Amino acid sequence: MAMFLRQDDNRTELQKRLAQELTDKSKLKDKPDLSDAKRPDGVDDSAYMKDYKQTTSLAWVWILIVVAVVALMIWLLIKTTV
């Protein structure tokens with residue numbers, strides 16, 4: 001900790017100015033952009049979502065079928081190689 005404090009004391013004017021500029025830039029980046037405030041996702045045009053359908057409550061059945069098919073394929077592969 002003492003080394004860090006001592007290094008701070010030996011800063012030149014250029015180093016101090018650069019440190020201040022970097023601090024100012026980081027503060028500007030942290031500020032939220034007010035143009036995106038009303039759009040939480042940042043999307044201007046949601047027309048690409050026009051023809052999409054919401055997932056039904058039977059999605060878990062399709063997942064179960066896929067898992068069963070993969071398990072069957074693995075089982076058949078093991079049975080044919082033995």
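What the table below lists for this structure:
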read-out: Candidate lysines for bridging to K50, where Cα separation is under 30 Å - those fewer than 8 sequence places away on the same chain excluded; value: K38
read-out: K79 paired with N10, simple spin-label distance in nm, labels 7 Å along Cα-to-beta-carbon; value: 7.7 nm
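Every read-out reported here was derived from the displayed coordinates using simple, explicitly stated rules and does not represent laboratory data. Computed from a predicted model, the values in this text were never measured in an experiment. With ideal geometry, Cβ positions are generated from the backbone for all residues, glycine too; neighbour counts draw on all protein chains shown.
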